[in-house]
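To start, the structure itself, in structure tokens.
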């Protein structure tokens, strides 16, 4: 009996590894992470709250039925290394690209999630806007204040490196994200963390 139970558990573990982790889907049809922040979507207030927690604010736009959003949740955000780094350093607020929840932009305009997505020029899901660590002094839309954006879904190392680059304020320095990412990949290869191609 124990032998059969071990085989069944091994099969279950293999299935989970093969097919990834299923992400919970909320009533709005979006995939959910229990560590995402639920806020009133006032961007200035969320920047301040994130800072008070010692974090940066990231706004993630998704839509119902988005296969790339599903991949992001099941393959990236469920990966312990990725999840733990982001959760430790970022306050992530989820937006529905076609949603009707109220949003308050940095310029004070009150609008819906879908009108914010249009105003900010967002075309793809998922898209992540990385906000500055301080509320800007001048009035401007969140898209203009964002220090970086990540449109679309990427592999683990690109995805995680973007969060690290923003957290390290790489956007203030001379090293473009692509150079930073290439350097990090090379360092990981030399350390044996990823195979040489």
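The values are calculated or read from the model by the stated rules, or taken from the named source; none is laboratory data. Please read these numbers as outputs of a predicted model, since none were measured by experiment. Here the Cβ positions follow ideal geometry from the backbone for every residue, glycine too, while neighbour counts run over all protein chains shown.
Observations
- Checked against (1) assigned to a loop (DSSP other than H, G, I, E, B); (2) more than 30 Å from residue 134 (Cα to Cα); (3) modelled with pLDDT of 95 or more, residue 74 passes all but a single condition, namely (1).
- Residue list for segment 27-59, restricted to those being touching a strand residue (DSSP E or B) at 6+ places or on another chain (Cβ under 7 Å), surrounded by fewer than 22 Cβ atoms within 10 Å (Cβ to Cβ), in contact (Cβ under 8 Å) with a residue 40 or more places away in the chain and under 15 Å from residue 90 (Cβ atoms): 36, 37, 39, 49
- For segment 100-110, filtering for residues that are more than 18 Å from residue 57 (Cβ to Cβ) and surrounded by 16 or more Cβ atoms within 10 Å (Cβ to Cβ) leaves 0.
- For segment 167-195, filtering for residues that are in contact with a helix residue (DSSP H, G or I) (Cβ under 6 Å, 6 or more places away or on another chain), under 19 Å from residue 128 (Cα atoms) and without any contact (Cβ under 8 Å) to a residue 40 or more places away in the chain leaves 4.
- Within segment 80-99, the only residue that satisfies the criterion of being in contact with a helix residue (DSSP H, G or I) (Cβ under 8 Å, 6 or more places away or on another chain) and loosely packed, with under 15 Cβ neighbours inside 10 Å is 81.
- Residue that is farthest from residue 74 (Cα to Cα), among those in segment 141-166 that are in a loop (DSSP other than H, G, I, E, B) and in contact with a helix residue (DSSP H, G or I) (Cβ under 7 Å, 6 or more places away or on another chain): 141
- Filter pass, residue 142 being surrounded by 15 or more Cβ atoms within 10 Å (Cβ to Cβ), touching a residue at least 60 places away in the same chain (Cβ under 8 Å) and over 26 Å from residue 54 (Cβ atoms): no
- The one condition in (1) outside any loop (DSSP other than H, G, I, E, B); (2) more than 18 Å from residue 30 (Cβ to Cβ); (3) in contact (Cβ under 8 Å) with a residue 40 or more places away in the chain that residue 134 fails to fulfil: (1)
- Meets criteria (modelled with pLDDT under 95, farther than 25 Å from residue 119 by Cα and under 17 Å from the mean Cα position of the chain (by Cα)) for residue 10: no
- Filtered residue count, segment 89-109, keeping only those that are assigned to a strand (DSSP E or B), without any contact (Cβ under 8 Å) to a residue 60 or more places away in the chain and over 17 Å from residue 143 (Cβ atoms): 2
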